[in-house]
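Everything below concerns the one structure shown next.
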Amino acid sequence: MTLTRLLLVLLVGTASGCVPVAAWDRGSLAHPAMADSAQPDSTAFDAHLAGAREAALDPAGAGGGGCGCN
Amino acid sequence: MAATDRTSLAIATLSVVVLLGAASDAARADGRAAAGAYLYLDSDHLEVVHPYASLRVEADDDTTLTGSYDADVITAATIDVRTSASPRAFTEARHGIGLDVAHELSPTLRIGAGASGSFSPDTNSATASFRLAWEDDTRIHTLSLSGGGSFTGVGRVGDQAPAGLVGSGGLTAGWAAVLSNAAVLDVALAGELSLGYLESPYRFVSIYTRGAAEPWLAMPESLPDSRLRGAARVRLRVAPMDGLFLRGSYRFHTDDWGVLGHTVELGAVVNPVSALSLGIELRYLGQRASSFYQGRYETLPLIPTWAARDRELAATTTLSAGLRVELALPDIFDGESAVYARGEFIYTRLYDTWLLPERLAGVVGLGLTWTR
């Protein structure tokens, strides 16, 4: 419950703190290092490795499966 | 390395070359091509060579197609790489292929779908997936939904038929918010249900009488036929100054087998000059064991309903640290190209395990990318 409350506070606080950013002011946001997957090839390998060696589900890799790790 | 595995490695290398050739044919269209290889080595005497290649091309102004190939050429001290080393060494190869299509329905709505297959001598898997992402008109909020399902046949090398089948389906919902011109926060929730044969046919569990040195019984690993997993992640990406980018995330994961864990990841990328990118990554994973996992089953005269030998179901602490260097190369085919090198150390402590309670792994990777 504590975690849920913390998440709710975070979400509400974040939503109220968001600001529009003009197109000409998006230089940093558009940089590859700020992308969801900054290095897609490295990210894919990391997900493959974690899928084979860890028990956790990763939101970045959910919906996949079939790691062939047996 | 056996002849068959040299053949597999040759096929993998040839496929990479063919994809690179296709990339040069596609050089007239916008897209992205990538190829490289990773080498994984660990103290369990597991060695994996992982070549990969991918090619993305624009089918039209709103649609991209991506094809990918990867392989694992595995040399290990044991037939079961997740349990413990044994005198029975083996080598084998896994091949994976993937196709993906992405389409921009409108400036604020993107959809995509993919299919992939993974093929090895003892495990074959097919996966289908979908995703959609919607960005509001102010470009502050992005909502996403993705999901997919897979079907896997699990067996042993040489068996006429699979030992069992596994079906999995999962959904992920995400929300990303632009906090400022230099900060993005995102939250993702994921769930996955797996049904079917979740054991490994290679794993056997020893059952002891209390205090005995020798096992009284060795029985095949026995796990529940369903597993519901969930995870939540919060991540913050910031650019505090020109040429410096930081990211940090926290993930909580759990499942109905009793596994529960926390993951913290921190990363930094610095661009001292525009052509050079240096990155550092740190990761911590702490995990509670599944409710039925025991390092040693002293249950006689009772035979446990569930008995796991998989070390990944044990209580675990993993620490890893990595470095990444990326260097821009001269433009070719009117596109930007770059080479990257990456190295990582991973230390894993597995609690309540009789054999190999620690694992030290090293990963090195080298890759090329081309984008236009």
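Laid out as a table, the results:
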item	result
Selection within the stretch A:9-37 - modelled with pLDDT under 80 and either under 16 Å from B:D186 (Cβ atoms) or not in a helix (DSSP H, G or I) (or both)	A:L10, A:L11, A:V12, A:G13, A:T14, A:A15, A:G17, A:C18, A:V19
Number of the exception - B:L276 against (1) farther than 27 Å from B:L41 by Cβ; (2) surrounded by 20 or more Cβ atoms within 10 Å (Cβ to Cβ); (3) touching a residue at least 40 places away in the same chain (Cβ under 8 Å); (4) not charged (D, E, K, R)	(2)
Hits in the stretch B:298-315 (condition: within 13 Å of chain A (Cβ to nearest Cβ), open to solvent by 10 Å² or more (accessible area, probe 1.4 Å) and modelled with pLDDT of 90 or more)	B:A315
Hits in the stretch B:231-265 (condition: open to solvent by 40 Å² or more (accessible area, probe 1.4 Å) and closer than 16 Å to B:E192 by Cα)	B:F252, B:T254, B:D256, B:L260
Exclusive hit being free of Cβ contacts under 8 Å to residues at least 40 places away in the same chain and either in a loop (DSSP other than H, G, I, E, B) or out of contact with any helix residue (DSSP H, G or I) (no Cβ under 8 Å at 6 or more places or on another chain) (or both), set B:L189, B:L171	B:L171
Candidate set from the stretch B:201-221 (those that are of a type in the set (A, V, I, L, M, F, W, C) and closer than 13 Å to B:T299 by Cα); member that is surrounded by the most Cβ atoms within 10 Å (Cβ to Cβ)	B:V205
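For every residue, the table says whether it meets (1) in a loop (DSSP other than H, G, I, E, B); (2) touching a Gly at 6+ places or on another chain (Cβ under 8 Å); (3) surrounded by 14 or more Cβ atoms within 10 Å (Cβ to Cβ); (4) within 11 Å of chain A (Cβ to nearest Cβ).
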| position | (1), (2), (3), (4) |
| --- | --- |
| B:Y347 | no, no, yes, no |
| B:T353 | yes, yes, yes, no |
| B:L356 | yes, no, yes, no |
| B:G367 | no, yes, yes, yes |
| B:W370 | no, yes, yes, no |
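Matching residues to (1) modelled with pLDDT of 95 or more; (2) surrounded by fewer than 20 Cβ atoms within 10 Å (Cβ to Cβ); (3) small (G, A, S):
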site: B:D44; (1), (2), (3): no, no, no
site: B:H50; (1), (2), (3): yes, no, no
site: B:A53; (1), (2), (3): yes, no, yes
site: B:A59; (1), (2), (3): no, yes, yes
site: B:V73; (1), (2), (3): no, no, no
site: B:T91; (1), (2), (3): no, yes, no
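Quick grid of which residues meet (1) within 18 Å of A:A35 (Cβ to Cβ); (2) open to solvent by 60 Å² or more (accessible area, probe 1.4 Å); (3) more than 7 Å from chain A (Cβ to nearest Cβ):
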{"position": "B:S129", "(1), (2), (3)": "no, no, no"}
{"position": "B:S150", "(1), (2), (3)": "no, no, no"}
{"position": "B:V157", "(1), (2), (3)": "no, yes, yes"}
{"position": "B:Q160", "(1), (2), (3)": "no, yes, yes"}
{"position": "B:G169", "(1), (2), (3)": "no, no, yes"}
{"position": "B:A173", "(1), (2), (3)": "no, no, yes"}
{"position": "B:A182", "(1), (2), (3)": "yes, no, no"}
{"position": "B:E192", "(1), (2), (3)": "no, no, no"}
{"position": "B:L195", "(1), (2), (3)": "no, yes, yes"}
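The values are calculated or read from the model by the stated rules, or taken from the named source; none is laboratory data. Worth saying up front: this structure is predicted, and the values here are computed from it rather than measured. Note that we place each Cβ from the backbone using ideal geometry, even for glycine, and neighbour counts take in every protein chain shown. All accessible areas refer to the heavy atoms of the entire protein, side chains included, with ligands and DNA or RNA removed. Shrake-Rupley method; radii C 1.70, N 1.55, O 1.52, S 1.80 Å.
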